[in-house]
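A short reminder: the numbers here are calculations on the coordinates, not readings from a lab. Owing to the predicted nature of the structure, the values given are computational and were not obtained by experimental measurement. Heads up, the Cβs are rebuilt from the backbone with ideal geometry, glycines too, and the neighbour counts pull from every protein chain shown.
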Amino acid sequence: MPAPLIEMRGITKSFGAVKANEAVDLSVAPGEILGLLGENGAGKTTLMNVLFGAYAPDAGEILVQGQPVRITSSADALAAGIGMVHQHFHLAPRLTVLENLLIGIPGKSGRIDRAGGLARLAEIGRQHGLTLDPDLPVSALSVGEQQRLEIVKALFRGARLLILDEPTAVLAPSEVDGLFSALRSMAAQGLGIIFISHKLNEVRALTHRCTVLRHGRVAGRVDDPANTTSAAMAQLMCGHEIVPPARGPSTPGADVLTLDGISTSKHAGTVLRDVSLAVRAGEILGIAGVSGNGQRALAEVISGVRAPDAGRMTIAGQTVSRFSPREVQALGLGRIPEDRMTTGLVTNLPLADSMVLPRIGTAAFSAKGLLKPDAIRAFAEEQIKAYDIRCPGPMTRAGALSGGNLQKALLARELAFDPKVLIVSQPTRGLDIGAARFIHEKFLDMRAKGCGIIVIGEDLEELLVLCDRIAVMYEGRIVDTLGSAEATIARLGLLMTGAEGHS
Amino acid sequence: MSVVLEQIFQVGFLAAIIRIATPLAFATLGEMFSERAGVLNLGIEGIMLLCAMTGFTATSLSGSLWFGVLVAVLTGMLMGALHALFTVALGLSQHVCGIGVTLFSSGLAYFLYRLIFGQQSVPPAIKGFQTLPIPVLSDIPVLGPAVFNQFALVYMAIIAIPLAAFVLYRTPWGLSVRMVGENPRAADSAGVSVIATRFQAVILGGALMGLAGAFLSMAQFNAFTFGVVSGRGWVAIALVVFGRWDPWRSAGAALLFAFVDALQLRMQASGLGHIPYEAFLMLPFIFTIVAMAVMSRNAVAPSALLKPFRREER
């Protein structure tokens with residue numbers, strides 16, 4: 001095996017009393033793709049931030065090609081040949097592709113070196129098949145193209161080691177293939193790559209070797225990911241065995257939610273075009289699609305936030321007339337919004353307040369225009385106990401909770417009122433395996449109790465595990481609906497790109 | 001009415017527009033650099049006043065106009081650095097600090113002026129900048145006397161506009177300024193110091209505000225009075241929005257405002273005497289509000305404007 005490109009030895013980093021990394025060793029050889037695995041909070045991001053110069057480690061050293069280096073800023077990291085593609089892109093949307101590439105690059109006789117930049121961009125395009133239009137503003141690029149720009153940006157600066165933090169989370173399946181082939185090409189040309197993910201099948205398909213972190217320590221290494229089972233790797237990550245939830249046969253009842261020819265217009269983003277669908281009691285309907293194909297509009301119409309321009313919607317047999325969140329809720333709809341922190345709850349208020357917010361005006365929580373603080377608190381305490389929400393108490397600031405606990409809180413607040421239909425968007429985004437597992441079990445419980453559930457998601461594996469039927473959205477339409485027996489990642493992926501629409 | 005129009009549209013009128021536009025152009029460019037880097041500088045009104053005072057005083061004491069300009073520019077840079085210290089280095093509220101800088105600078109200007117000149121029935125005056133006709137160019141009919149028979153500071157403002165555009169759009173530093181105003185994290189991860197770049201942009205902005213103040217007390221009025229700025233700093237903030245944070249458009253906005261201001265001055269003087277003069281004074285401001293409401297509804301501010309940058313925060 002060739003000498004390591006980068007070696008991290010004994011890295012320890014604490015935040016207060018919390019040891020985010022403890023004596024972590026990691027190395028990447030030229031031409032190697034290393035998988036870095038771990039649950040949320042296992043210390044992956046901290047470790048990479050140490051490598052990229054954002055945090056100074058308390059102990060340990062970093063060696064670049066055998067030489068110890070001190071990396072205290074991203075400028076140091078770039079100088080050492082380390083490039084990072086962050087999960088949230090570091091791009092300025094209103095500047096052009098080329099301007100985003102040239103930031104921080106010294107000019108030529110006081111001016112931006114446009115010609116030199118174009119030449120370098122073209123060269124990288126030829127080497128790795130990563131082509132981009134230099135003069136487009138970044139806001140005009142798709143998410144996949146923005147990611148490509150981030151990779152090009154790192155190569156542009158002469159990176160020999162590329163860190164990618166959960167790069168596939170934002171991509172459609174077809175884009176994932178493109179990314180993987182680019183990464184393989186880069187590795188073949190001698191670059192080192194650190195691929196951070198918790199999607200085990202991707203790690204198995206792409207990486208040559210894996211380092212698994214748990215609670216800030218190296219829990220184990222996998223030398224042959226392709227021939228290691230996902231279950232074995234999951235066990236390394238969690239420290240115990242993970243069994244996927246079993247979905248029993250469905251016994252669907254009557255329609256609890258129907259949409260008939262729903263169309264929207266006059267708003268930013270993708271509009272809905274003649275969307276019809278039905279969810280029956282006791283079934284889970286998945287809505288798959290690359291983000292930005294109308295899922296948000298669909299969720300907003302169903303939850304009464306946005307009124308459609310045409311079409312009819314019924315909940316439990318009753319026609320929705322006014323489209324207000326209160327009306328659809330009164331008819332029996334529960335909603336878990338896509339963004340926990342902004343539309344889900346009020347981060348600066350006590351958790352208890354957020355947990356009763358949608359029903360604040362009902363007799364349970366207020367009377368004669370005044371709140372019932374005791375009832376609100378009692379309700380929150382009860383749910384915290386029932387759902388094992390880890391927090392100091394109902395009066396904790398909601399924003400202080402972890403993602404998994406927030407999602408449990410949101411779930412608890414809806415399920416406490418036995419909705420007939422539940423709509424959830426991206427239910428487990430950003431959650432680790434344990435928390436996701438809990439959420440999935442709750443959905444299956446609700447299904448068994450006769451609740452109809454709509455899950456809008458981009459994670460196809462999750463949808464395949466949960467859903468009885470999966471509808472695929474493309475450009476504001478439902479292009480097809482597949483039963484669980486005929487749905488495969490490949491078919492869904494094809495439909496998501498609009499390639500195979502027929503119904 | 002035609003007499004009024006005749007009186008209005010003549011060479012003197014065009015020259016007046018250019019003259020009125022000059023301090024606005026400096027101030028607007030200064031505010032624009034600051035805001036492009038993500039820092040709103042509400043200290044502009046007070047900074048202009050303080051610079052008008054220090055420039056005037058330095059000239060009055062030394063007898064040198066250009067020394068006065070230099071002092072005004074240095075004062076502006078110092079006040080810019082002060083605002084940057086609060087908002088960039090310490091990450092405090094840009095609104096609150098800007099208003100604080102304006103109150104502080106205004107108070108300091110009044111205080112120092114009284115301290116140096118005492119209370120006088122006739123305010124002291126200096127022999128300010130004289131017009132400096134440019135050979136050949138000033139002989140062009142209409143345009144010549146209007147544009148090329150002006151104060152040296154006017155020519156500096158005219159040069160400052162393309163220069164600002166060049167710096168902002170063609171130099172690596174200008175790209176850094178735009179990047180830290182749009183996405184400081186991106187600039188940081190590319191090895192650009194967000195703090196240093198913002199400091200530099202706010203200080204450059206302060207220097208331009210200093211030129212604006214110097215023009216008022218040393219070329220336009222040749223004296224320092226407490227009303228010498230009278231809202232021009234606030235107008236510049238509006239003009240930056242109106243000009244969509246672009247040097248050319250911002251300068252154009254300053255010119256347009258100056259046109260309306262010159263127009264109302266003529267209207268005041270042109271025998272429409274039964275209308276109170278305050279009504280005319282309102283015109284440029286009404287124009288600004290209407291123009292902003294009509295033209296700038298879709299203007300998009302730099303994304304990171306008002307947002308302090310702290311590296312370890314996500």
Report the Rg/Rh value for the stretch B:119-266, based on alpha-carbon coordinates and the Kirkwood definition of Rh. 1.04
Express in whole angstrom the spacing between the alpha-carbon centres of the stretch B:36-59 and the stretch A:1-32. 51
Peptides B:122-134, B:183-195 ordered by average Cβ neighbours within 10 Å, highest first: B:183-195, B:122-134
Percent antiparallel among DSSP beta bridges with both residues in the protein assembly as shown, to the nearest 5? 55
Remind me, what semi-axes does the stretch A:255-496 give for its equivalent ellipsoid, largest first in whole Å, using sqrt of 5 times each Cα gyration tensor eigenvalue? 29, 21, 16
Spherically averaged projected area in nm², based on the convex hull that wraps the Cα atoms of the protein assembly as shown: 44.0
Report the convex hull volume per residue for the stretch A:227-386, counting only C-alpha atoms, in Å³. 202
So what J values fall out for the stretch A:373-382 if you push phi through Karplus, 6.51 cos²θ - 1.76 cosθ + 1.60 with θ = phi - 60°, rounded to Hz, Gly and Pro as x? x, 5, 5, 4, 5, 5, 4, 4, 4, 4
Check: C-alpha center the stretch A:89-120 vs C-alpha center the stretch A:271-347, spacing in Å is 43
For the stretch A:395-503, go through all pairs of different Cα atoms, get the mean of 1/r, take its inverse, and jot down that Kirkwood value in Å. 15.2
Percent relative contact order of the stretch A:422-476, based on C-alpha pairs within less than 8 angstrom and at least six residues apart? 42
Can you give the extra length, in nm with one decimal, that the chain gains between A:A140 and A:S109 once fully stretched, where that is 0.36 nm per residue apart less the Cα-Cα distance? 8.1 nm
Averaged over all viewing directions, the convex hull of the alpha carbons in the stretch B:249-314 casts a projected area in nm² of 6.7
In percent, what relative contact order does chain A have, based on Cα pairs under 8 Å that are 6 or more apart in sequence? 14
Going by a ≥ b ≥ c, the root eigenvalues of the Cα gyration tensor, does chain B fall in the rounded group (a/c under 1.5), the prolate group (a/b larger than b/c) or the oblate group? prolate
Can you order the peptides A:413-422, B:89-98 by their average number of other Cβ atoms within 10 Å per residue, highest first? A:413-422, B:89-98
Nearby lysines by direct alpha-carbon distance to A:K372 (threshold 26 angstrom, same-chain neighbours under 8 apart not counted): A:K385, A:K408
Averaged across B:166-177, how many Cβ atoms of other chains sit within 10 Å of each residue's Cβ atom? 4
Separation of alpha-carbon centers, the stretch B:87-148 and the stretch B:248-286, rounded to whole Å: 20
Quotient of Cα Rg and 2.2 N^0.38 Å for the stretch B:1-157, N being how many residues it contains: 1.25
Does anyone have the angle between helix B:247-269 and the longest principal axis of chain B? Alpha-carbon axes, 0 to 90°, nearest 10? 30
Per residue of B:215-227, how many C-beta atoms from partner chains lie within 10 Å of its own C-beta, taken as a mean? 0
Excluding same-chain residues fewer than 8 positions from A:K19, which aspartates and glutamates have a Cα within less than 14 Å of its Cα? A:D58
Report the relative contact order of the stretch B:22-229, percent, no decimals, based on alpha-carbon pairs under 8 angstrom and at least 6 residues apart. 45
Separation in nanometres of the label points that stand 7 Å from Cα toward Cβ, at B:M282 and A:A119: 6.3
What ranking, highest mean first, results for peptides A:179-191, B:53-65 when packing means the other Cβ atoms within 10 Å averaged over each residue? B:53-65, A:179-191
Based on DSSP, what percent of beta bridges with both residues in the stretch A:6-238 are antiparallel, to the nearest 5? 55
List the residues whose amide H sits under 5 Å from the amide H of A:G220, counting only those 5 or more places along or on another chain, with H placed 1.01 Å from N in the peptide plane. A:V212
Would you mind computing, in nm to one decimal, how far apart the modelled labels at B:M156 and A:D224 are, each placed 7 Å from Cα along Cα→Cβ? 7.6
Could you list which residues have their amide H under 5 Å from that of A:G35, counting only those 5 or more apart in sequence or on another chain, with H placed in the peptide plane? A:F195, A:H208, A:R209, A:C210, A:T211
Averaged over peptide A:99-109, how many Cβ atoms belonging to another chain are found within 10 Å of each residue's Cβ? 5
Taking all pairs of distinct alpha-carbon atoms in the stretch A:6-238, Kirkwood radius in angstrom: 18.2
Förster radius 41 Å - calculated FRET efficiency between B:D139 and B:R310 (Cβ-Cβ, nearest 0.05): 0.10
Dividing the alpha-carbon radius of gyration of the stretch A:144-200 by 2.2 N^0.38 Å, where N counts its residues, gives 1.06
In straight Cα distance, which lysines are under 27 Å from A:K108, not counting same-chain residues fewer than 8 positions off? A:K153
Net charge of Cβ neighbours under 14 Å - reference B:T22; Lys, Arg +1; Asp, Glu -1: +1
